[in-house]
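J.: Sending over a structure as structure tokens; questions will come in a sec.
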Amino acid sequence: MTRQGAQEESDNMLIDEPQLPQRAQIAALPDEFNPSYLKLYYSKLFPHSDLYRWMSYGNDGKHPGCDSSYLGRREFSYTLDNDIFVRYNTFNSAAELENSIKEKCPLKIDIGPIYNLNPANRNAYAGDNVLTPVERELIFDIDMTDYDDVRYCCSGADVCLDCWPLMTVAIKVIDTSLRDDFGFRHILWVYSGRRGVHCWVCDRKARWLTNEQRAAVADYFRVYKGNENSNKKVTLMGQVLHPFLARSYTEVLKEYFETKLLTSQNILSSEERYEKILDMIPDQSIASELRAKWQDGRRSSSAKEDINIVRWEQLKQLLQRHKAQGVRRCVEEIVFTFTYPRLDMEVSKHMNHLLKAPFCVHPKTGRVCVPIDPNNCEEFDPTTVPTLTQLLEELNREGFRSDVEGEWNKTSLGNAIKLFRSSFLQPLLKSCKEEMESSYNAKLQQSKNLLSW
Amino acid sequence: MQVVRSHQSHSTFSSSTGSVSASPTLPLYRSAPELEVRLEDFESFAVDRLRVLKGISDGLSRGKKPDEMEKLVNELWKTNMRHQDSSQVLNKDIISHFVLRLVYCRTEELRKWFLSMESALFRHRFRNQTAEAQRAIMEEFDLPCKAVSNAEFESLKEKLGQVARSIGHNHSLPTADAIYYKVPFEEVPELVAGRKVFINQGYAYVAMNQVVSLVATIFRSLLSKALILTNRKWATSIREQEQHRLTPIVEALCSSYLGPDYSQPKEYGEISLKDIDQLAKSSFPLCMRHLYEKLREDHHLKHAGRMQLGLFLKGVGLNVDDSLAFWREEFSKKVGLEKFEKNYAYNIRHNYGKEGKKTDYTPYSCQKIILSTPGVGDHHGCPYRHFGEENLRAALSRMGVNSRAMEDVMGKVRNRDYQLACTLTFEALHAAPCDAGINHPNQYFSDSQKLLKAKKDSSA
Ligand code: SF4
Ligand SMILES: [Zn+2]
């Protein structure tokens, strides 16, 4: 029997026997991610139609302005079992998309750009007809591993509630700027399933940016220069900060640094750690003065107060009354270093980068890539995001019928899908409709004018 | 634009051409001018402009600072774009631009290069215009921006000042009569990337002294589109129609090498066969060293490789008899003496026989080598461009490049500054600067020999 067959059989067993005692079933579900449960997830819970409607951007309607080739030019790629990567899947309808996902049961679905031509037939094109991406959401990828030099609680792929605030900061800073500075409205934040977040900017204008313009936006967000071998990674130039940086600092970074990360990461508690910060101070005499104070040990500080806070206040006092501006600026540089978002620039700069679709299940953690509400992102807790196993247990508990799909409502996925619809999909589709209407009318008007000549 | 034989007189612009009326000194090249050009001007104007563009390219890839670039471009323009008849200066500017469009429209790579160099040049020239002329150009471009109204300005004054101070424009803090333009942020990517503007609700507020960036972006995108159209026209009609007249000129121009002539060895006279191994180690650039080593190893090279190395050796000073002996020695090991004399010797003699005129028989310039497209089994080309990273690193360390210099070289390679990578290699191996940069393998050779001789003399 093929492996595929074996999987189907075990899935069918789960579906067909809801009358089994609940306890036995729960025990039967191992904790880790299990690819064979994916099939069930895709058939019962995955919001296929939401993905379809999003990716259609209003072109799935009856309006005469709809472009029926639109969805078919979008690349979806699958990561299948055994690490097989299949690029350039395309779909012309909601049914095709859904059937394919259910049949192939991909471990991961990535979304690519919309091309000038249907990429599935890419080999048939010759000469001038080169496959080129023409439209793509502006995307951002923020990964906790890029923060390893400023978090002490975990490293690599792990995250915990002590370092997660770094992601909260990133969402707040980037989201505010995308909306207030760049004027974007349709922004989707998604938990990457393990240690980071993804951002999709879906406004029409964002989708049509050139690579150069994408790079410009990404660079606007960049404050990190230099390399592994220099201590001070953030260099803030100029007499004052650019309004975007100044706002980020006063509204987000400073608060998160002083009230959360400073103590949760114990940024100044040990010699090894505070040396890293003293290294960032350009005035050697101040650095030595602080070092002398801190080496003295805990004696000088009252036991009640957190040592990190005490030391931070001492540092600020000395630096902020310095006459050289470069030294005063150092306080901000330290805060930026320890809190400011670190983007994977390459992902944002090129239209043809792939990005994992929301509602995929992370194969290592089993967690679902759920949307994050940027307005309440401080409440998001990655450790309570529903896992595949948990969702299937919930389904089992509720008892489900094999002929009904989309039973997410009965599970803890329900809130995630509701959030996706209410805060992202519905407003987006409304704008798409309006834009389609107005551009269609403009075209009509134009052709009328042509006729009257 | 119409190209005529030289005996015909040429007319000047018809005054109706929009492109000149906007600004008398900085044309926007919106449409090809209606004027007749003499055939020799067609080529020589283009060559002059090419010198400017190549100079800019060289300066940029050497990482010259803005003020150094400013000086450099001024110099280049002054020395190359003059015309003894001052009424012809503008014509020369426009004609040369349109000729080079033909030359550089033909591949993506050429277009990209031309586009960045012309944009850099335009940017430089725009900055040197009077405020009035600048405004005229902006109007001509129909910029999608409007000056910020007083009320809006007042409400944003503080933020605009904050931006100005953040980029060190303290002297140009916004005053009441300051003009700001409000443009969609995507029109000024470079200002956005550097956080050099205030951005609010999708609009960037561009100060008058920053408009060059806006104008240059538009110039660039218009030119980019125009190049695609030119390419289409070239491919569908011009190439065919002009196959006996302009086409050969156009095709030669893009790989034309503008430095000194290396077809006749001058400085060091002849080299002899017995020295050649030693010289290959000490003074051959990587491209030639590689061909040379491959020839010694395989006793064979394909045609393009034989041409690249053979002409180089001719330029280096290997006479025709030594050259024959050299190739015979290697090839006979593989194909046998008889076959060599029959199939290969003629070509080698031929290379020597037709010196001078024909570009094909002068040693190849870096430009030409870099643009070549070696296939399977080929060893010609420029290693900096055509080798994979690993092979290149290995080849460089065999040459004796130390690890620190290696990173610099690889950095240039990643930026596609192949000639600069070669220059840095030269500098590392000779522990001496090479300010002119490497433009020709034979120049690499003669510069290297000069340095080595000087060293020998001083130690003697
Ligand atoms: S840059 Fe010129 S000399 Fe140097 S290796 Fe390439 S082609 Fe040869
Ligand atoms: Zn942690």
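J.: Label the range A:108-163 by shape, choosing from rounded, prolate and oblate, from the square roots a ≥ b ≥ c of the eigenvalues of the Cα gyration tensor; if a/c is under 1.5 it is rounded, and otherwise prolate applies when a/b is larger than b/c, oblate when it is not.
T.: prolate
J.: A follow-up question, please. For a footprinting-style exposure proxy, rank A:192, A:412, B:96 by other Cβ within 10 Å, fewest first. If you can, show how the numbers build up before the last one.
T.: On the way: A:192 22, A:412 16, B:96 25.
So the residues, fewest neighbours to most, are A:412, A:192, B:96.
J.: Give me, ordered by chain and number, the residues 5 or more places off residue B:38 or on other chains with an amide H under 5 Å from its own placed amide H.
T.: Amide H neighbours of residue B:38: B:4.
J.: Run the numbers for residue A:36 and residue A:418: contour at 0.36 nm per residue of separation, minus the present Cα-Cα distance, in nm. Could you put the intermediate results ahead of the total?
T.: Values: separation 382, 0.36 × 382 = 137.52 nm, distance 2.64 nm.
Extra length available between residue A:36 and residue A:418 comes to 134.9 nm.
J.: For the range A:377-386, what does the Karplus curve 6.51 cos²θ - 1.76 cosθ + 1.60, with θ = phi - 60°, yield as ³J(HN,Hα) per residue in whole Hz, taken in order and with x for Gly and Pro?
T.: 3J(HN,Hα) across the range A:377-386, in whole Hz: 5, 5, 8, 5, 10, x, 7, 10, 5, x.
J.: Report the label-to-label distance for residue B:150 and residue B:224 in nanometres (one decimal), using points 7 Å from each Cα along the Cα→Cβ vector.
T.: Spacing of the two 7 Å Cα→Cβ label points: 4.0 nm.
J.: Non-local amide H neighbours of residue B:204 (under 5 Å, H modeled in plane, Pro and chain starts lacking H): which ones?
T.: Under 5 Å from the amide H of residue B:204: B:183, B:185.
J.: Taking Cα atoms, how many degrees apart are the long axis of helix A:388-398 and the longest axis of chain A, rounded to 10 and kept between 0 and 90?
T.: Approximately 60 degrees, to the nearest ten.
J.: Still on this structure, I have one more. Given contacts defined as C-alpha pairs under 8 Å and at least six residues apart, what's the relative contact order of the range B:65-191, whole-number percent?
T.: Relative CO of the range B:65-191 lands at 18 percent.
J.: Here is a follow-up. Give me B:124, B:169 sorted ascending by neighbouring Cβ count inside 10 Å, so fewest comes first.
T.: Least crowded to most crowded, the residues run B:169, B:124.
J.: Can you figure out the FRET efficiency of residue B:241 with residue B:108, using R₀ = 30 Å and their beta-carbon distance, to the nearest 0.05?
T.: Efficiency, rounded to the nearest 0.05: 0.80.
J.: Give, as ranges by residue number, the residues of the range A:79-121 whose backbone N falls under 15 Å from the point 7 Å along Cα→Cβ of residue A:49.
T.: So the set is A:94-99.
J.: Okay, moving on. Using +1 at the C-beta of Lys and Arg and -1 at the C-beta of Asp and Glu, which of A:286, A:353, A:420 has the Cα lying farthest in the positive direction of the dipole of chain A?
T.: Positive-most Cα among the choices belongs to A:286.
J.: So how much slack lies between residue B:60 and residue B:452, counting 0.36 nm per residue of separation and subtracting their Cα-Cα distance, in nm?
T.: Additional length available on full extension: 138.2 nm.
J.: Report, to the nearest 10°, how far helix A:325-339 tilts away from the longest principal axis of the Cα atoms in chain A, using its own Cα long axis and a range of 0 to 90°.
T.: Computed tilt is about 40 degrees.
J.: Name the residue from B:178, B:335, A:171 whose Cα lies farthest towards the positive end of the charge dipole of the protein assembly as shown, charges +1 on Cβ of Lys and Arg and -1 on Cβ of Asp and Glu.
T.: B:335
J.: If the reach is capped at under 14 angstrom between alpha carbons, list the aspartates and glutamates near residue B:157, excluding any in the same chain fewer than eight residues apart.
T.: B:177
J.: What do the square roots of 5 times the Cα gyration tensor eigenvalues come to for chain B, in whole Å, largest first, as semi-axes of the equivalent ellipsoid?
T.: The answer is 48, 28, 19 Å, longest axis first.
J.: Here is a follow-up. Is the C-alpha gyration tensor of chain A telling us rounded, prolate or oblate? Criteria: a/c under 1.5 is rounded; beyond that, a/b larger than b/c is prolate, otherwise oblate.
T.: Oblate, because a/c is 1.5 or more while a/b does not exceed b/c.
J.: Hey, which lysines would be in cross-link range of residue A:443, C-alpha to C-alpha under 18 Å, not counting anything within fewer than 8 residues on its own chain?
T.: A:62, A:433
J.: Determine the shielding of peptide A:207-216 by partner chains: average, over its residues, the number of Cβ atoms on other chains within 10 angstrom of each Cβ.
T.: For peptide A:207-216, the averaged partner shielding equals 4.
J.: Still on this structure, please answer the following. How far apart, in nm, are two points set 7 Å out from the Cα along the Cα-to-Cβ line at residue A:67 and at residue A:95?
T.: Once both label points are built, they end up 2.5 nm from each other.
J.: Here's a follow-up. Provide, for q = 0.12, 0.18, 0.20 Å⁻¹, the log10 of I(q)/I(0) from a solvent-free Debye sum over equal Cα point scatterers in the range B:360-439.
T.: Here log10 of I(q) over I(0) equals -0.34, -0.75, -0.91.
J.: Which of rounded, prolate or oblate describes the range B:71-143 when judged by the alpha-carbon gyration tensor and an a/c cut-off of 1.5?
T.: oblate
J.: Whole percent per 5 Å bin, from 0 to the bin with the longest distance: what is P(r) over all C-alpha pairs of the range A:314-453?
T.: Going from the shortest bin to the longest, the percentages are 2, 7, 9, 10, 11, 11, 9, 9, 9, 8, 6, 4, 3, 2, 1, 0.
J.: While we're looking at this one, here's another question. Could you tell me what a quarter of the Cα convex hull surface of the range A:159-290 works out to, in nm² with one decimal place?
T.: Computing the convex hull of the Cα atoms and averaging its projections yields 10.3 nm².
J.: Let me ask you something else. Taking amide H atoms as placed 1.01 Å from N in the peptide plane, list the residues 5 or more away in sequence, or in a different chain, whose amide H sits under 5 Å from that of residue A:356.
T.: The list, which skips near neighbours in sequence, is A:111.
J.: Counting Lys and Arg as +1 and Asp and Glu as -1, each charge on the Cβ, what is the dipole of the range A:258-334 about the Cα centre in debye, to the nearest 20?
T.: Around 220 debye, computed over the range A:258-334.
J.: Between residue B:157 and residue B:273, what is the spin-label point distance in nm, taking each point 7 Å from the Cα along the Cα→C-beta axis?
T.: In this crude spin-label approximation the distance works out to 8.7 nm.
J.: For the range B:285-428, compute Rh as the Kirkwood radius over C-alpha pairs and then the Stokes-Einstein diffusion coefficient at 20 °C and 1.002 mPa s; write the answer in µm²/s, rounded to an integer.
T.: 133
J.: Within a 10 angstrom radius of the beta carbon, how do B:287, B:366 rank from fewest other beta carbons to most?
T.: So the ranking, lowest neighbour count to highest, is B:366, B:287.
J.: Do any of A:44/A:104; B:71/B:455; B:112/B:294 go past 23 Å between their Cα atoms, and which? Intermediate results must be reported in sequence, preceding the final value.
T.: Details: A:44/A:104 15 Å; B:71/B:455 34 Å; B:112/B:294 33 Å.
In this structure, B:71/B:455; B:112/B:294 lie more than 23 Å apart at Cα.
J.: Here is a follow-up. Percent of Cα-Cα pairs per 20 Å bin, from 0 to the last occupied bin, for the protein assembly as shown, please list those.
T.: 11, 33, 36, 18, 2, 0
J.: What is the helix-to-structure angle for A:284-295, meaning the angle in degrees between its Cα long axis and the longest Cα principal axis of chain A, kept from 0 to 90 and rounded to the nearest 10?
T.: 90
J.: Helix hunt in chain B: which complete DSSP H runs extend at least 24 Å axially by C-alpha with mean Kyte-Doolittle at least -0.5?
T.: Numbers: long enough: B:39-61 (33 Å, 0.08); B:108-127 (28 Å, -0.73); B:211-233 (33 Å, 1.00); B:441-459 (27 Å, -1.42).
Helices passing the filter in chain B: B:39-61, B:211-233.
J.: Note down, for the range B:418-460, the three equivalent ellipsoid semi-axes (square root of 5 times each alpha carbon gyration tensor eigenvalue), biggest first, whole angstrom.
T.: 20, 11, 7
J.: With an 8 Å cut-off on Cα pairs and a minimum separation of 6 or more residues, tell me the relative contact order of chain B in percent.
T.: 11
J.: Quick one: compute the contact order of chain A, relative version, from alpha carbon pairs under 8 angstrom and 6+ residues apart, as a percent.
T.: For chain A, the relative contact order is 24 percent.
J.: Related question: Students often get this wrong, so check it: of A:276/A:304; B:196/B:412; A:172/A:316; A:39/A:364; B:54/B:281; B:64/B:412, which have C-alpha atoms separated by over 21 Å?
T.: Where the Cα-Cα span goes over 21 Å, the pairs concerned are A:276/A:304; B:196/B:412; A:172/A:316; B:54/B:281.
J.: Which of the listed residues, B:193, B:406, A:320, is farthest toward the dipole's positive end in the protein assembly as shown, when Lys, Arg count +1 and Asp, Glu count -1 at the beta-carbon?
T.: B:406
Rule-based calculations on the coordinates, nothing more; no lab input. Computed from a predicted structure; not experimentally measured. Neighbour counts run over all protein chains shown; Cβ positions are idealised from the backbone, glycine included.
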